[in-house]
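What follows is a single structure, written as structure tokens, with notes after it.
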Amino acid sequence: QVQLVESGGGLVQPGGSLRLSCAASRSISSIYLMGWYRQAPGKQRELVATMTSSSNTNYADSVKGRFTISRDNAKNTVNLQMNSLKPEDTTVYYCRARLVPGGSDYWGQGTQVTVSS
């Protein structure tokens with residue numbers, strides 16, 4: 001069981017950068033998968049980037065080369081560095097944790113990212 005709290009969202013201009021953080025209530029070193037997802041109104045939640053406990057990463061094609069997921073086990077934090085932001089990136093971003101393969105998902109409350117000029 002884990003609680004997740006996202007932060008770092010905000011309003012930026014196209015081409016700008018944001019760094020999202022997900023703070024977990026417990027050690028993340030043994031959590032199978034941590035990741036970032038996004039969900040626009042009226043659409044289903046989609047993968048942005050994930051990282052497993054063995055440091056395997058997976059990125060959506062739309063963010064490859066622009067976004068980077070990282071984890072700081074000492075701080076129990078997962079980050080998402082977002083560069084070269086586009087208006088299409090505008091939506092709510094959620095942190096996710098799956099403790100074990102096939103287990104239940106835990107989600108944060110979400111943080112709003114708006115890319116607009």
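The values are calculated or read from the model by the stated rules, or taken from the named source; none is laboratory data. A quick note: this is a predicted structure, and the numbers were derived from the prediction, not measured. As a convention, Cβ positions derive from the backbone with ideal geometry for all residues, glycine included, and neighbour counts pool all protein chains shown. Accessible surface is based on the protein model in full, side chains and every heavy atom, while ligands, DNA and RNA are left aside. Shrake-Rupley method; radii C 1.70, N 1.55, O 1.52, S 1.80 Å.
Would you point out the residue of segment 58-86, among those that are hydrophobic (A, V, I, L, M, F, W, C) and touching a Cys at 6+ places or on another chain (Cβ under 9 Å), that is farthest from Met34 (Cα to Cα)? If you could, list the steps in order and put the result at the bottom.
The initial filter retains those residues of segment 58-86 that are hydrophobic (A, V, I, L, M, F, W, C), namely 60, 63, 67, 69, 74, 78, 80, 82, 85.
Then keep just the ones that are touching a Cys at 6+ places or on another chain (Cβ under 9 Å); that gives 78, 80.
Working: Val78: 7, Leu80: 11 Å.
For segment 58-86, the residue satisfying everything is Leu80.
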Does any residue of segment 84-93 turn out to be within 12 Å of the chain's Cα centre (by Cα) and open to solvent by 30 Å² or more (accessible area, probe 1.4 Å)? yes
I'd like to verify a number: residues in segment 67-100 that are among the hydrophobic types (A, V, I, L, M, F, W, C) and part of a strand (DSSP E or B), how many? 8
